[in-house]
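Here the structure is laid out as structure tokens; the discussion comes afterwards.
Here, each number is a calculation from the coordinates, and none is a lab measurement. This is a predicted model, so every value here is computed, not measured. Don't worry about glycine lacking a Cβ; one is built from the backbone with ideal geometry, like all the others, and counts go over all protein chains shown.
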DNA sequence: CAGAGATATTCCTCTTTGCGTATATCCGTG
DNA sequence: CACGGATATACGCAAAGAGGAATATCTCTG
């Protein structure tokens, strides 16, 4: 029963926050780490869990991996994502996440995870990395 | 976060089946055992789980305990029950449950769990119990 | 109050889940 | 190819969850 898989994915706060962020736009792993203030391994494992259950999709973009909601979501996922958004519209945690997302993407000029690419493109976007080669 | 509690309740098939049955009408424990063909302890523990998380309410009715959806459900529960019903409208398991429920309640003349009351009322309804006093 | 039926609870076991540490893998650069 | 950064995986551990067997509790009846 696919529905139950969906509910299993939804019954963890970190995964809910990830999904709600993804309902606005694709994001790469480093964004989740920053927005959710969670360690890399935690984010990575929850993303893997969501991917195994087909609630998210990935595409590689250079050294980065961009996560998004599936292009062809199952009816169960579609219905539950809508319900989830309705339930969380005024939730403090989630609205704060959205604010942090906007802020984190402020540097992002291009459409995708361009702000994560200090090596291939402009180094001025994320100075901490360009000066880390000491 | 109350939403997550709701999702935790929803991520088990037995509990989903119970909730979907309850979305039609209150039922007593013996009905669940019959409709779901599950052992008493299994039903009882899942009902307890749902009750602990405020997804169902109980009232005693003689020797029987009638379970129902809460009179004043939380917004999260209301939204998710609607979503759940939408998702399960054509599901084989759940539609079969509904058919079994109708059949199980065919003997039931009154509004409630009257069909579970062979001792206080008519013994002809469930002959197996009335003849068990050997 | 004894007995029977309905339901809940306890104990035990197995599996799953969540988290952290450490390590591996993959990619781009030099 | 060596290195560093981004991400994933392996391993260990604690907690939660699910199921069954046995037992307790509650209620009605006689």
List the distances, in nm to one decimal, from the label point of residue A:58 to the label points of the same position in every other copy, shortest first, placing each label point 7 Å from Cα along the Cα-to-Cβ direction. 4.5
Copy-to-copy label separations for residue B:25, where each label sits 7 Å from Cα toward Cβ, in nm and ascending: 5.3
Rounded to whole Å, how close does chain B get to the rotation axis onto A by Cβ? Give me the residue too, please? B:83, 2
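Going by the alpha-carbon gyration tensor, a ≥ b ≥ c the square roots of its eigenvalues, is region A:1-74 rounded (a/c under 1.5) or, if a/c is not under 1.5, prolate (a/b greater than b/c) versus oblate?
Since a/c reaches 1.5 but b/c is at least a/b, the shape of region A:1-74 is classed as oblate.
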Normalised by the number of residues in region A:28-67, what is the relative contact order in percent for Cα pairs under 8 Å and 6+ residues apart? 41 percent
Copy-to-copy label separations for residue A:106, where each label sits 7 Å from Cα toward Cβ, in nm and ascending: 6.9
Cα centroid separation, region A:3-34 to region A:41-108 (Å): 4 Å
Order by neighbour count: A:94, B:32, fewest other Cβ atoms within 10 Å first, most last. A:94, B:32
